[in-house]
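The values are calculated or read from the model by the stated rules, or taken from the named source; none is laboratory data. All values derive from a computational prediction rather than experimental measurement. Glycine also receives a Cβ, built like all others from the backbone with ideal geometry; neighbour counts cover every protein chain displayed. Ligands, DNA and RNA are excluded from the accessible area calculation, which covers all protein heavy atoms including side chains. Shrake-Rupley method; radii C 1.70, N 1.55, O 1.52, S 1.80 Å.
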Amino acid sequence: MVKNYTEVFQDKSAVDKYQDRTYAKGTYSTIVSERQGTWLKAFIEEAFPDPPVHFDFACGTGRVARLVAGSVATTHGYDPSMAMLDKARSLGTPGELHHIEPAGDLPDIAETGRHHLVTAFRLLLNVDESVRDRFMQFAARALPTPESGLLVVENHGNARSLRRLRKTFGRLDANMWFQELSHAEVEALFARHGFEIVSVHGFTLFTQGFYKQPIKAVARPFDATFSGLLSRSCTDVVYVARRKNSSG
């Protein structure tokens, strides 16, 4: 992880590259995102009696807000990068987008009269512990009780996955960029802020390299079929968590 990760996407060219290359049509990230979108819509319909209010922390270009559009009452996206928020608006991201500082006071969460859905995608892996804690403080503010709603968080570098082989057998300089989080680390983060994991969902067993020709002809359909069945061994996993009872 680069130490100034939160500063990288203050630059418009970095944001454009992220959107136009990382999430270009047919890329590994886009394929995984499409699977997540299909799951998210089905999950929201099943988990909530009515469309919830969606709070997306580190919303970036608004990808998750667009994935859940039509399934939520409205979205509030929060990000410290104006360049990211400008890109989100240009892409037609629904809801309200809010600029926040990378540190300091968190935004207030107004009572909405609805259940809340709090999300954070592609955040935990790329930031240090203080930012993870800050996000969890935000989630606790939006979800003060178990009945308030649900927390959905992505870990796109599960330590118990094929990424470990890349670290073990990869290039000598891999440690400069290679990041991973274990299930135990995520569980401990949640517990520290009064949350408990209720389910884990996997979206790809394979890493990006397996989606290149010719092996992608095998990797892609295998992932589509089996990643959900082998969630805890997936490279990209999403955790659903709920606030613990105060007496628990």
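Does the stretch 114-144 hold any residues that are assigned to a loop (DSSP other than H, G, I, E, B), over 25 Å from A42 (Cβ atoms) and either acidic (D, E) or touching a helix residue (DSSP H, G or I) at 6+ places or on another chain (Cβ under 8 Å) (or both), and which are they?
V127, D128 - these are the residues of the stretch 114-144 that are assigned to a loop (DSSP other than H, G, I, E, B), over 25 Å from A42 (Cβ atoms) and either acidic (D, E) or touching a helix residue (DSSP H, G or I) at 6+ places or on another chain (Cβ under 8 Å) (or both).
Taking the stretch 224-242 as the region of interest, how many residues are open to solvent by less than 50 Å² (accessible area, probe 1.4 Å) and out of contact with any Lys or Arg (no Cβ under 8 Å at 6 or more places or on another chain)?
8
Restrict the check to the stretch 89-109 and report whether at least one residue is of a type in the set (G, A, S), surrounded by fewer than 17 Cβ atoms within 10 Å (Cβ to Cβ) and modelled with pLDDT under 95.
Yes, there is a match, as at least one residue in the stretch 89-109 is of a type in the set (G, A, S), surrounded by fewer than 17 Cβ atoms within 10 Å (Cβ to Cβ) and modelled with pLDDT under 95.
Residues are listed down the side, and each one gets a yes or a no for (1) assigned to a helix (DSSP H, G or I); (2) in contact (Cβ under 8 Å) with a residue 24 or more places away in the chain; (3) in contact with a helix residue (DSSP H, G or I) (Cβ under 9 Å, 6 or more places away or on another chain); (4) on the phi < 0 side of the Ramachandran plot:
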position	(1), (2), (3), (4)
D16	yes, yes, yes, yes
D20	yes, no, no, yes
A24	no, no, yes, yes
V32	yes, yes, yes, yes
Q36	yes, yes, yes, yes
W39	yes, yes, no, yes
C59	no, yes, yes, yes
K87	yes, yes, yes, yes
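Could we say that K12 is open to solvent by 50 Å² or more (accessible area, probe 1.4 Å), touching a helix residue (DSSP H, G or I) at 6+ places or on another chain (Cβ under 6 Å) and closer than 27 Å to E101 by Cβ here?
Here the answer is yes, as K12 does meet what is asked.
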